[in-house]
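A quick write-up on the structure given underneath.
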Number of protein chains: 2
Amino acid sequence: MVDEIPDFYAVIPAGGVGSRLWPLSRADAPKFLHDLTGSGHSLLRDTWDRLAPLSGEDRIAVVTGRAHRAAVESQLPGIPDRNVFLESEPRDSAAAIGLAAAILHRRHPDVIMGSFAADHVIRGSRVFEFAVRDAVEVAREGYICTIGITPSEPAVGFGYIKRGGELIVDGARDASLVERFVEKPDLDTAREYVADRSYLWNAGMFISRADVLLAEIEANNPQLHAGLLELAEAWDDRERRGPAVDRIWPTLPKIAIDYVVAEPAAEKGRLAVVPGHFDWDDVGDFASLAKLNSGGRKNDLAILGENARILSDAASGIVVSHTSRVISLIGVKDIVVVDTADALLVTTSEHAQRVKHVVDALKLTGRGDVL
Amino acid sequence: MVDEIPDFYAVIPAGGVGSRLWPLSRADAPKFLHDLTGSGHSLLRDTWDRLAPLSGEDRIAVVTGRAHRAAVESQLPGIPDRNVFLESEPRDSAAAIGLAAAILHRRHPDVIMGSFAADHVIRGSRVFEFAVRDAVEVAREGYICTIGITPSEPAVGFGYIKRGGELIVDGARDASLVERFVEKPDLDTAREYVADRSYLWNAGMFISRADVLLAEIEANNPQLHAGLLELAEAWDDRERRGPAVDRIWPTLPKIAIDYVVAEPAAEKGRLAVVPGHFDWDDVGDFASLAKLNSGGRKNDLAILGENARILSDAASGIVVSHTSRVISLIGVKDIVVVDTADALLVTTSEHAQRVKHVVDALKLTGRGDVL
């Protein structure tokens with residue numbers, strides 16, 4: 001089961017600052033470059049390590065901003081230079097994944113690509129591999145296939161995928177059509193979903209033939225498709241690539257892959273799903289980060305930071321220490337403390353979502369130096 | 001009423017780190033050197049400014065540790081060199097105040113001295129002046145006189161003074177004998193005290209003739225008295241002072257003035273009290289500090305620190321900023337955040353008393369570098 005999958009290429013879009021993880025995540029140190037699990041590796045590196053057994057190191061591409069090139073290459077010394085696709089500015093996920101599809105399709109017309117966010121946490125890599133292998137078999141049949149995570153609780157922070165009719169595909173144990181996508185539910189609705197068993201978490205993983213993905217983009221956003229093809233045509237010519245990026249990339253529509261590919265494909269019965277029975281989290285905020293690092297123990301204080309000097313007395317929650325300062329926490333429950341050289345955040349798990357507003361306020365009040 | 005009081009000398013014992021205000025207060029930056037009210041001045045300087053109209057600048061003495069000499073002189077440029085009494089090590093309040101009494105008594109046999117802590121906060125300096133003037137008149141009659149603060153609430157963090165029989169003293173409007181001192185009460189008892197109206201807060205201010213104070217020390221602790229007299233005898237001889245301090249000071253009993261002077265004097269009917277109708281606080285912990293700086297508004301976030309860069313969203317309590325870092329507080333109530341270059345404290349008003357335990361733990365675990 002550790003054989004590489006024929007025709008398979010892994011694409012890692014590594015964009016997104018992760019504003020709700022400020023001041024840990026920054027414009028120049030986005031979420032995917034951090035070790036959020038105490039593994040000793042960045043999330044990007046963990047993603048690479050998870051995918052390399054499936055695709056081989058030569059067939060992993062990363063789509064990232066020009067500013068992150070050096071950091072990405074230092075995290076991933078095995079990545080071939082030609083597989084680092086640099087954006088001149090963020091244009092959202094449809095452009096990023098579409099660019100990879102267009103380039104890879106020119107290089108390998110039969111390629112089946114899977115896109116996997118650079119900043120999610122997955123535990124249970126063997127089970128993950130099973131799911132990807134199944135999804136690739138479904139994708140070979142011409143479907144766009146997603147991996148839906150079997151819910152471990154009635155989460156309100158994720159979107160859900162409603163499974164529809166069963167798909168019989170050789171080599172895939174448990175595939176279905178996607179009936180529809182549903183937005184983040186309220187708690188009662190989430191409980192119904194979990195009880196119903198036909199709902200899975202939408203983890204934003206898409207596996208499909210590159211030609212199928214491009215056809216879906218073409219059908220739903222011809223302008224984006226045309227730009228991507230033009231870029232791909234110039235891409236592997238060293239002299240033409242730079243000018244093409246500078247000219248075309250900023251004109252591409254800024255839109256999420258969900259709207260250009262996943263939802264339209266679902267409506268047309270072209271989107272499939274295989275369940276993923278592994279632990280997954282998008283670590284969207286510090287509440288998730290605390291939960292992820294406390295091992296589920298409610299009264300624990302999770303500590304992130306190699307050189308953390310923490311003294312706690314009846315404290316629970318999470319402390320992220322990126323300085324050498326002594327941090328003392330007394331009697332604070334579900335607390336979130338993030339200590340960096342130029343910014344400090346103190347909040348609670350309950351208010352973790354509001355960190356994004358602080359980031360907005362910092363921009364508005366001219367304190368962007370700490371973003 | 002702004003005339004200096006004849007024969008009056010103010011003594012400011014400036015010792016005590018203020019462990020419960022760690023990491024703001026440190027061994028090398030004790031509480032009295034901090035601005036805890038946003039006045040722009042240290043507590044020591046505020047104390048000086050309050051006393052100078054009563055005694056004149058030439059008649060204020062400060063008793064402090066050798067390590068704090070430069071800091072004290074820089075805070076109090078008007079202090080005559082001969083009025084800075086330096087301890088070679090801390091020996092508690094009886095030795096500190098007794099030393100001042102012994103020295104001043106040799107210099108001015110008729111001196112009436114008042115001792116006032118360097119690190120308390122007082123608001124209402126005119127009312128304070130009235131109380132001191134009254135206390136001096138009582139002291140002239142041979143009493144040791146304290147100023148008891150009229151309680152503004154049933155505080156459990158202070159000791160109380162029970163007033164006894166009225167004293168008729170010319171020039172003092174409302175003097176009584178002290179019936180007894182009582183330790184910090186529980187809340188129910190504190191409520192009774194406040195309702196009773198004969199209880200005042202013990203603010204540790206003592207005004208008496210130096211000869212009376214020394215006689216009380218002699219009666220209750222002859223060893224301390226002998227040492228102090230020997231020191232005083234050598235003090236104003238530049239060549240003899242240093243050796244005398246080195247030899248005698250470390251042998252003096254370490255004991256609080258309360259046990260050597262106030263309580264025995266009260267038992268013998270020699271302790272008087274005049275009420276002080278001004279705002280007073282010993283700022284014993286961060287809960288007091290928060291209250292002091294919030295103007296009594298429960299949901300306010302008090303901010304201390306000249307260059308504080310604070311962004312708060314639904315936060316209350318206090319933040320002390322001694323760095324240039326941006327501090328963001330979201331949804332934390334009654335929080336205490338103290339941000340210094342090498343140490344950070346996060347707690348709540350409710351747990352403010354436990355800061356002392358942290359300081360103990362830091363000592364025990366070899367992290368004394370941040371004390």
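Looking at A:D236, is it touching a strand residue (DSSP E or B) at 6+ places or on another chain (Cβ under 7 Å) and either of a type outside the set (F, W, Y) or not assigned by TED's automatic domain parsing to the domain that holds A:L167 (or both)?
no
Sort through B:A226, B:A210 and tell me the only one that's modelled with pLDDT of 95 or more, surrounded by fewer than 17 Cβ atoms within 10 Å (Cβ to Cβ) and hydrophobic (A, V, I, L, M, F, W, C).
B:A226
Being assigned to a helix (DSSP H, G or I) and crowded, with 18+ Cβ neighbours inside 10 Å, is that true of even one residue in the range A:265-283?
yes
Going residue by residue through the range A:214-234, is there one that turns out to be free of Cβ contacts under 8 Å to residues at least 12 places away in the same chain and within 24 Å of the chain's Cα centre (by Cα)?
Here is the first cut: in the range A:214-234, the residues free of Cβ contacts under 8 Å to residues at least 12 places away in the same chain are A:215, A:218, A:222, A:226, A:234.
Within this subset, residues satisfying the condition of being within 24 Å of the chain's Cα centre (by Cα) are A:215, A:218.
There is at least one residue in the range A:214-234 that is free of Cβ contacts under 8 Å to residues at least 12 places away in the same chain and within 24 Å of the chain's Cα centre (by Cα).
Name the one entry in B:S324, B:S288, B:S312 that is of a type in the set (S, T, Y) and part of a helix (DSSP H, G or I).
Checking each option against the conditions leaves just B:S288.
Looking only at the range B:310-355, filter to residues that are within 7 Å of chain A (Cβ to nearest Cβ) and among the charged types (D, E, K, R); which one of those is most open to solvent (accessible area, probe 1.4 Å)? Walk me through it before giving the result.
Here is the first cut: in the range B:310-355, the residues within 7 Å of chain A (Cβ to nearest Cβ) are B:311, B:313, B:325-332, B:335, B:337, B:339, B:342-348, B:350-351, B:354-355.
Keeping just the survivors that are among the charged types (D, E, K, R) gives B:313, B:325, B:339, B:342, B:350, B:354.
Numbers: B:D313: 47, B:R325: 14, B:D339: 0, B:D342: 55, B:E350: 155, B:R354: 69 Å².
Residue satisfying both the conditions and the ranking: B:E350.
Please determine whether any residue of the range B:147-160 is without any contact (Cβ under 8 Å) to a residue 60 or more places away in the chain and within 15 Å of the chain's Cα centre (by Cα).
Checking the range B:147-160: at least one residue is without any contact (Cβ under 8 Å) to a residue 60 or more places away in the chain and within 15 Å of the chain's Cα centre (by Cα).
Testing A:G366 on (1) closer than 16 Å to B:L345 by Cβ; (2) at pLDDT below 95, one condition comes back false. Which one is that?
(1)
May I ask you to list the residues in the range A:7-34 that are open to solvent by 40 Å² or more (accessible area, probe 1.4 Å) and modelled with pLDDT of 95 or more?
Listed by number, the list holds a single entry, A:D7.
The values are calculated or read from the model by the stated rules, or taken from the named source; none is laboratory data. All figures in this text were calculated on a predicted structure; none of them were measured in a lab. We place every Cβ from the backbone using ideal geometry, glycine too, and count neighbours over all the protein chains shown. Keep in mind that these areas ignore ligands, DNA and RNA; they rest on the heavy atoms of the full protein, side chains included. Shrake-Rupley method; radii C 1.70, N 1.55, O 1.52, S 1.80 Å.
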